[in-house]
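What follows draws every value from the coordinates through simple rules; no lab data is involved. All values derive from a computational prediction rather than experimental measurement. Don't worry about glycine lacking a Cβ; one is built from the backbone with ideal geometry, like all the others, and counts go over all protein chains shown.
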Amino acid sequence: MAKLDAVFFDIDDTLFPTTEFARSARQNAVRAMIEAGLDLPEALVWAELEEVIAEFSSNYEHHFDHLLKRLRRPHLERLNKALVVAAGVAAYHDTKFREIAPFPDVPELLRDLKRSGVIVGIITHGLTVKQAEKLLRLRLLPHLTQEAIFISEQVGISKPNPKLYSTALATLTLAPSRVMYVGDNPIHDVAPPQSVGMVTCWSSRAARRSLKETGVAADHEVADFGELRTILRERYALDV
């Protein structure tokens, strides 16, 4: 039976429903901005915000500022734009404080994995502070191996560059064939770790692209972490 020394996870749409959460937080922000004086239809503001995010990426820090630059209307000229932006930012963060949570089966599996003696790590793409904050707010840090957390900005290598995964392996002196990576994105989370010899597991429950449409094949596919637990127990003899 194959053995594993470590299991690494992606964060976004793997440990918690990032896309769903972000949409809720941004919708609350749009409504708060309208309440603060942005006198335009919600659907129009939302559509423009989606364009801003698509053009500048989800990690950009000035979405709402650009949104107001694009929503030029004569009746908004006297609007205090700083207050409108602040309303949006506050509503976004209020949603984050109130609603962010892991998938229900995540904490228990991570806890049991750590108890089993394997390294439980993170390899994630994004800004260092943002990704670290997610782990803290999701209350997952106690279930992780601290030295096994790798964030692309912190490492200086971005997904889907396989070097991000190779760096994690080299840092912890791990053999690729004895390490599993679990993620939702076939292009970022399956193909790159697979190319360096890692065992790959595609998590489908919040995935925006399927393995079939990308032509990528994972070693394992799971719809939830109950299925992952079964694979870890039956295929790799882990006590989880």
Tilt relative to the chain, helix 81-99 - C-alpha long axis, 0 to 90 degrees, to 10: 30
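Mind putting a number on the dipole of the range 85-240 about its Cα centre? Charges go on the C-beta only, +1 for Lys and Arg and -1 for Asp and Glu, and I need it in Debye to the nearest 20.
Working: 19 positive and 17 negative charges, 43 e Å.
Taking the Cα centre of the range 85-240 as origin, the dipole is about 200 debye.
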Vicinal HN-Hα couplings computed from phi for the range 37-53 (Karplus, 6.51 cos²θ - 1.76 cosθ + 1.60; Hz; Gly/Pro x): x, 7, 7, 9, x, 4, 4, 5, 5, 5, 4, 5, 5, 4, 5, 4, 5
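Please report, in cubic angstrom per residue, the volume enclosed by the convex hull of the alpha-carbon atoms of the range 1-140. Intermediate results must be reported in sequence, preceding the final value.
Values: hull volume 16.7 nm³, N = 140.
Hull volume over Cα atoms, normalised by residue count, gives 119 Å³.
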Ranked on Cβ counts within 10 Å of their own Cβ, fewest leading, SER116, SER57, SER195 go SER57, SER195, SER116
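What is the range 19-99's relative contact order, in percent, from Cα pairs under 8 angstrom and six or more apart in sequence?
On the way: 64 pairs, mean separation 40.4, N = 81.
50 percent.
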For a quick check: with amide H placed at 1.01 Å from N, whose amide H comes under 5 Å from PHE8's, ignoring anything fewer than 5 positions away on the same chain? GLY121, MET180, TYR181, VAL182
Dipole magnitude of the range 19-99, debye to nearest 20 (Cβ charges: Lys/Arg +1, Asp/Glu -1, about Cα centre): 200
Convert each backbone phi in the range 120-134 into a coupling constant with the Karplus relation 6.51 cos²θ - 1.76 cosθ + 1.60 (shift: θ = phi - 60°), then list the ³J(HN,Hα) values in order as whole Hz, x for Gly and Pro. 10, x, 10, 10, 9, 9, x, 6, 4, 5, 5, 5, 5, 4, 4
Among SER116, SER24, ILE149, whose Cα lies farthest out toward the positive end of the dipole of the chain, if unit charges sit on the beta carbon of Lys, Arg (+1) and Asp, Glu (-1)? ILE149
Cα centroids of the range 118-178 and the range 1-75: how far apart, whole angstrom? 24
May I ask for the angle, rounded to the nearest 10°, between helix 18-35 and the longest principal axis of the chain, with both axes built from Cα atoms and the value confined to 0 to 90°? 10
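Take each of the peptides 86-93, 215-222, 197-204, average the number of other beta-carbon atoms within 10 Å over its residues, and list them starting from the highest.
In decreasing order of mean packing, 86-93, 215-222, 197-204 become 197-204, 86-93, 215-222.
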1/(1 + (r/R0)^6) with r = Cβ-Cβ of ARG23 and ASN161, R0 = 22 Å, i.e. FRET efficiency to nearest 0.05, evaluates to 0.20
Over the chain, relative contact order from alpha-carbon pairs under 8 Å, at least 6 apart, %: 25
